[in-house]
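Engineer: Below you'll find the structure I mean.
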Amino acid sequence: RSIKHVPGYGEHGYNSHLAETIAVNRDIGDKRHPQCKNGGWPTDLPRASIIFCFHNENLIVLLRSIYSVLMRTPPELLADIIVVDDSSTEKHPDIKEPLDEMVALMGGKVKVLRLDQRSGLIKARMAGAAYSTGEVLVFFDAHIECSHGWAEPMMERIYHDPSTVVCPCIDIIKHDTMEYPNNAQQEIQKGGFHWGLIYKWIPLNATQRALGITAPQASATMAGGLFGIARDYFYQLGTYDEDMKIWGGENLEISFRIWMCGGRLEIVPCSRVGHLFRVKNPVSFPDGSDTVSRNTRRLAEVWLDDYKEYYYDIQGGKGRDFGDVSARKHLRDRLQCKDFKWFVNSVYRELVVPDDSNYALGSVRNPTSNLCLDDLQKLDDDKGDKKVGVYWCHGQGGSQFFIFSKDYELVALRKNDYCLDNSNYAPGATLEWYPCHKMGGNQLWTFKTQTKELIHVPSNNCLDARGLKAKDLVKLNPCDGSLGQQWEFSKVYSKETLWKKVK
Ligand code: UD2
Ligand code: MN
């Protein structure tokens, strides 16, 4: 059955009908790796305040989140649980009085805070933080389940260094079955981002891997929804950008700020919390405005220095409103934060930067037809085919921005790590974006700057736009020097034939 026909999905993006049939205090088992320390913690670990913000959450899912904290946090480590209702609508009467009544039965540590205006998760979290009393603030989405022993490993890291901000390992609770699979044997992933300035998961590097499966690992960015931070440090660091609205972008903003202003961000594999990942984002934006890109422009303007141009090249939106960022720039000065170049070179070394370290970049244009290589928006989600097409050159970057890397790949940066790939060597073959594997092979290209031919090395065929119109799929044909096989990059950093000496 398609998702549309499953009751409950429309509202929350998960199977809320099934979610409601599962006990609010269900046992999920111990999700930790057996090597995780069990006991022997310092006796004076700081106490945590848990802050759940929600807007129209399913009541049972919210209750299960609260219970998981109550059941699996040692009482001496739990200061309070603040449940912030970000002005849920009348359509959800059960998360109003009925929630209050249930919370009243949970003992004094759980408190509900109602915002009388829709404020967005950024301001809602700040309101929750101000209302709470623990030495450490733990922010959780309102559809999570903590596993056994989640709190101690996080608190210990902060106890040893209050400028370390910690994320648990975020496990996946399945949106269709509500299962919480055990992933303890799997190596964790860490946080990065792609040039649309959207969070993405990336693998650990070799040095990190060598530290072992249970070791806390430095992470360039956080996903955003689940982390712990010392209260004093949160305020000293400037909480959040209050002018960011509703949803989106705040996770990268606080990540950059932590690293660049002297702190450290980690993922602690022995602390495991499941998050209900949904099929789609059900967040409603009150005035219909796209707060994600405005928020993201704000963070680019404050933190990215010259690198912000890459964001605008690839994502667009330059010149559009982002409000006033002077207070945040002032904060950056006051905290004497390092620059973004430092962040890229020292913290997020996996980032592929569209600069002169590449051979060529920008649009890939066939001058005769004025058609450009275009991702046809097929990289926007993880589903569907990733066929490669052409479209009228629009000069706006985005779907037409690519790099020709020093590894002789053609890479789409909007959703990093997609390489132009083809395993069909017959004339007339179409191509596909495929995750870059750095092994050459079917992702190996040559750009002959003199003849402007883009040659797929293993098949020795040329990229060909002959006879194509906008939205057609681009082809590979035997090289014949025709006009359809000439391509120009907007920027070329090498005058040589970009030819790898293969074989
Ligand atoms: C991720 C983060 C989320 C947040 C977001 C970017 C994880 C697992 N989740 O997407 O925490 O950083 O990226 O902003 O890392 N909410 C409100 N008011 C609103 C909108 C949302 O209170 O106006 C609540 C919402 O009910 C939820 C929390 O904020 O409890 C996060 O929202 P989400 O679950 O829609 O975000 P998610 O997981 O898609
Ligand atoms: Mn969430």
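Engineer: Report Asp380's accessible area, 1.4 Å probe, all protein chains in place, as a number in Å² to the nearest 10.
Structural biologist: The accessible area comes out at roughly 80 Å².
Engineer: At q = 0.08, 0.12, 0.13 Å⁻¹, work out log10 I(q)/I(0) for the chain with the Debye formula, treating every Cα as an identical point scatterer and leaving solvent out; two decimals please.
Structural biologist: -0.56, -1.12, -1.25
Engineer: Report the extension gain between Asp290 and Glu101 in nm, rounded to one decimal, defined as 0.36 nm multiplied by the number of residues separating them, less their alpha carbon distance.
Structural biologist: 64.5 nm
Engineer: Among the listed pairs Lys448/Lys471; Lys280/Lys318; Lys318/Lys415; Lys378/Lys438, which have their C-alpha atoms separated by more than 24 angstrom in this model?
Structural biologist: Exceeds cut-off: Lys448/Lys471; Lys280/Lys318.
Engineer: What is the calculated FRET efficiency for Lys491 to Asp321, with r their C-beta to C-beta distance and R₀ = 30 Å, to the nearest 0.05? If you can, show how the numbers build up before the last one.
Structural biologist: Numbers: r = 29 Å, r/R0 = 0.95.
Calculated transfer efficiency: 0.60.
Engineer: Going by a ≥ b ≥ c, the root eigenvalues of the Cα gyration tensor, does region 3-276 fall in the rounded group (a/c under 1.5), the prolate group (a/b larger than b/c) or the oblate group?
Structural biologist: Taking the square roots of the gyration eigenvalues as a ≥ b ≥ c, region 3-276 is rounded.
Engineer: Can I ask one more? Enumerate the residues in region 78-110 having an amide nitrogen under 13 Å from the point lying 7 Å beyond the Cα of Thr133 toward its Cβ.
Structural biologist: Counting backbone N atoms under 13 Å from the label point, the list is 78-82, 108-110.
Engineer: Cα gyration tensor of region 360-502, axes a ≥ b ≥ c as square roots of the eigenvalues: rounded (a/c below 1.5), prolate (a/b > b/c) or oblate?
Structural biologist: Note, shape of region 360-502 comes out rounded.
Engineer: Multiplying the sequence separation of Asn424 and Lys37 by 0.36 nm and subtracting their Cα-Cα distance, what value in nm do you get?
Structural biologist: Taking 0.36 nm per residue and subtracting the Cα distance, the gain is 134.2 nm.
Engineer: Once both axes come from the Cα atoms, what is the angle between helix 120-131 and the longest principal axis of the chain, in degrees from 0 to 90, rounded to 10?
Structural biologist: The helix 120-131 is inclined about 30 degrees to the chain.
Engineer: Restricting to the chain, compute how many DSSP beta bridges are antiparallel as a %, nearest 5.
Structural biologist: Of those bridges, close to 65 percent are antiparallel.
Engineer: Additional query: Compute the helix-to-body angle for 250-260: its Cα long axis versus the longest principal axis of the chain, expressed 0 to 90° and rounded to tens.
Structural biologist: 90
Engineer: For Glu309 and Arg26 in one chain, what is 0.36 nm times their gap in residues minus the Cα-Cα distance, to one decimal in nm?
Structural biologist: Values: separation 283, 0.36 × 283 = 101.88 nm, distance 4.89 nm.
Extending this stretch completely gives an extra 97.0 nm.
Engineer: If you keep only loop residues by DSSP, which GluC sites (Glu not before Pro) in region 107-181 have at most 12 other Cβ atoms within 10 Å of their Cβ?
Structural biologist: Answer by residue number: Glu179.
Engineer: Could you calculate the FRET efficiency of Asp232 with Thr177 from 1/(1 + (r/R0)^6), where r is the beta carbon distance between them and R0 is 45 Å, rounded to 0.05?
Structural biologist: Working: r = 41 Å, r/R0 = 0.92.
Result of the calculation: an efficiency of 0.60.
Engineer: Cross-link partners among lysines for Lys123, C-alpha distance below 17 Å, same-chain residues fewer than 8 apart left out?
Structural biologist: Within reach: Lys245.
The values are calculated or read from the model by the stated rules, or taken from the named source; none is laboratory data. Since the structure is predicted, the reported quantities are computational estimates derived from the model, not experimental observations. All Cβ positions, even for glycine, are placed from backbone atoms using ideal geometry, and neighbour counts span all protein chains on display. For accessibility, only protein heavy atoms count, side chains too; no ligands or nucleic acids. Shrake-Rupley method; radii C 1.70, N 1.55, O 1.52, S 1.80 Å.
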